[in-house]
Amino acid sequence: MEERSNTRAHLRMNVAILLQYRKLTAAEYKDIETIMANKEAMDLSPLSFSLRPFMDGEGKEEELGNIDPFILNALIDINLKLNLLISTMSSEGKKNILTRVPIEANLSEGGIGFITKEEVCEGDLLEVEMILPVFPIAVIKSVGKAVRVTPLQEGGCNIGVQYINIKDEDRDKIVHYLFKKQREWLRVNKVKAG
């Protein structure tokens, strides 16, 4: 009989992030899977729209080397924030991630855990969207499967969601964010100990 280890394969931390999710039907998941698998498909949502002033025309990409990386990142960040505002304004009364209050989540590159008041069952497919407070801002969209659901006495449940469909770039953003948070934590604790 094989013995299971309680060690986890990914770095994980409790962090405060903007998060929203919704349950998916099998048909909705199939549609999302088809879209995410077709990397050449154009995403026309307001959040994906971006102005690319430095990329239009020939020879412009070479000029990017002459731009201060801080300014370039600031422009990208401003562009993403404008996209989020456009998305919020065009949401037509629907709950938007920017209208949410940050929640504590246990985040890793392999999944996320959080407390919810909504009913979730093991095996449920969830569309998860989160915003990581990094520079430039990181908007992560993924599909996950509820692999752990623990009911809470005060109502609601603590759920563990394993990503089953996430872009590699988004996974890298999560790792970058977690390393940044870990460095901050180590600095704070080093100062306290020293």
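The values are calculated or read from the model by the stated rules, or taken from the named source; none is laboratory data. Here the structure is a predicted model, which is why all the values come from computation and not from measurement. No Cβ is skipped: glycine too gets one built from the backbone with ideal geometry, and neighbour counts run over all protein chains shown. Just so you know, the surface numbers come from the protein's heavy atoms only, side chains and all, with ligands and any DNA or RNA stripped out. Shrake-Rupley method; radii C 1.70, N 1.55, O 1.52, S 1.80 Å.
From the list Val101, Val139, pick out the single residue that is β-branched (Val, Ile, Thr) and open to solvent by 40 Å² or more (accessible area, probe 1.4 Å).
It is Val101.
Within segment 55-77, identify whether any single residue is open to solvent by less than 80 Å² (accessible area, probe 1.4 Å), within 22 Å of Leu126 (Cα to Cα), among the aliphatic types (A, V, I, L, M) and at pLDDT 55 or above, and answer yes or no. No, segment 55-77 has no match at all. Looking at segment 65-171, the strands (runs of 3 or more DSSP E) lying wholly inside it that each contain 3 or more residues that are of a type in the set (S, T, N, Q) and touching a strand residue (DSSP E or B) at 6+ places or on another chain (Cβ under 8 Å) sit at 157-166. Look at Lys117 and say whether it is over 12 Å from the mean Cα position of the chain (by Cα), more than 30 Å from Asn38 (Cβ to Cβ) and in contact (Cβ under 8 Å) with a residue 60 or more places away in the chain. Spelling it out, it is not the case that Lys117 is over 12 Å from the mean Cα position of the chain (by Cα), more than 30 Å from Asn38 (Cβ to Cβ) and in contact (Cβ under 8 Å) with a residue 60 or more places away in the chain.
Could you tell me whether any residue of segment 27-45 is at pLDDT below 60 and among the small types (Gly, Ala, Ser)? Yes. When Val149, Val191 are checked against the criterion of being surrounded by 13 or more Cβ atoms within 10 Å (Cβ to Cβ) and of a type in the set (A, V, I, L, M), a single residue qualifies: Val149. Of all the numbered requirements in (1) open to solvent by less than 60 Å² (accessible area, probe 1.4 Å); (2) modelled with pLDDT under 95, Gly144 misses one, and that requirement is (2). Considering the conditions (1) aliphatic (A, V, I, L, M); (2) in a strand (DSSP E or B); (3) under 16 Å from the mean Cα position of the chain (by Cα), Val175 is excluded by exactly one of them, (2).
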